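Contents: one structure, followed by commentary.
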Amino acid sequence: MRTESTTAWSHEVTRGAFRRYRLIALVWLGVGALGTVGIPPAAVAVDRAGMERISSLMAGLWVGFISALFIGVCLARNAARMRRCLRRRPWTAYPVTVLPPGLGGPVVRLCPADTGEVFVQSVVAFTFRWHQVGSADTLWFCGVPGRGGVLARPGGEPLLWGRRIRVPWIRHWREHVDRG
């Protein structure tokens, strides 16, 4: 059941949610890049000053900034995917069943009312964002069911990326078990 014939990008709420998601991605990316580039010269200066305790602390801090950079790159990549998807496709409302997380995030089972098909999507998000799909019985989906796309609560926010489960035997098992 389509929510309307225009693209998901035409919803102001969706564009606002996307801007917030992209801003978070840019903050992670910026902080990670600045720290990754800035810590080594600071560590050399601290080491030359003879402050060995702070020098070893700087190494751990540098690893943290590299991690933030990696997270920022992943979020920016998802933001680019989301934007492309939201600009091309409309929101479609699906009745869903949210399954508990397995080895990754929670699994969302999209059940189109007019067909007997079941599309299983793994939610790509930080653990503290899983509750945003946890209690839903209907979610909006913008994308290709079974491949990937943007998930949101009815209304168009918050945005989460959903992808098909990558390991084929786990995906088939989830589809088979979850139908029964």
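The values are calculated or read from the model by the stated rules, or taken from the named source; none is laboratory data. In this text the structure is predicted, and so the values were computed from the model without any measurement. Using ideal geometry, Cβ is built from the backbone for each residue, glycine included, and neighbour counts are taken over all protein chains shown. The protein model used for the area step is the full one, side chains on, heavy atoms only, and it has no ligands, DNA or RNA in it. Shrake-Rupley method; radii C 1.70, N 1.55, O 1.52, S 1.80 Å.
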Options T6, T14; residue that is modelled with pLDDT of 85 or more and either open to solvent by 80 Å² or more (accessible area, probe 1.4 Å) or not in a helix (DSSP H, G or I) (or both): T6
- line: Of the residues in the stretch 92-121 that are assigned to a strand (DSSP E or B) and open to solvent by 20 Å² or more (accessible area, probe 1.4 Å), the one that is modelled with the lowest pLDDT is L99
- request: From (1) open to solvent by 90 Å² or more (accessible area, probe 1.4 Å); (2) over 19 Å from the mean Cα position of the chain (by Cα), pick out the condition that doesn't hold for R20.
  value: (2)
- request: Taking R89 as meeting all but one of (1) open to solvent by less than 60 Å² (accessible area, probe 1.4 Å); (2) in contact with a strand residue (DSSP E or B) (Cβ under 9 Å, 6 or more places away or on another chain); (3) not aliphatic (A, V, I, L, M), write down the number of the exception.
  value: (1)
query: List, please: which pairs have Cβ atoms under 9 Å, are six or more places apart or on different chains, and start with a residue in the stretch 16-31 that is over 13 Å from R77 (Cβ atoms) and touching a residue at least 40 places away in the same chain (Cβ under 8 Å) and end with one that is open to solvent by 30 Å² or more (accessible area, probe 1.4 Å) and assigned to a helix (DSSP H, G or I)?
result: F18/W9; F18/R83; V31/F65; V31/L69
statement: Residue pairs qualifying under the 8 Å Cβ cut-off, at least six apart or on distinct chains, with the first in the stretch 83-100 being touching a residue at least 60 places away in the same chain (Cβ under 8 Å) and among the hydrophobic types (A, V, I, L, M, F, W, C) and the second being surrounded by 18 or more Cβ atoms within 10 Å (Cβ to Cβ) and part of a loop (DSSP other than H, G, I, E, B), are W91/H11; W91/G156; L99/P106
field: Residues (open to solvent by 20 Å² or more (accessible area, probe 1.4 Å), under 11 Å from F119 (Cβ atoms) and in a strand (DSSP E or B)) located in the stretch 137-158
entry: V144
task: Please verify whether the stretch 59-67 includes one or more residues that are within 19 Å of the chain's Cα centre (by Cα), under 17 Å from P145 (Cα atoms) and open to solvent by less than 90 Å² (accessible area, probe 1.4 Å).
output: no
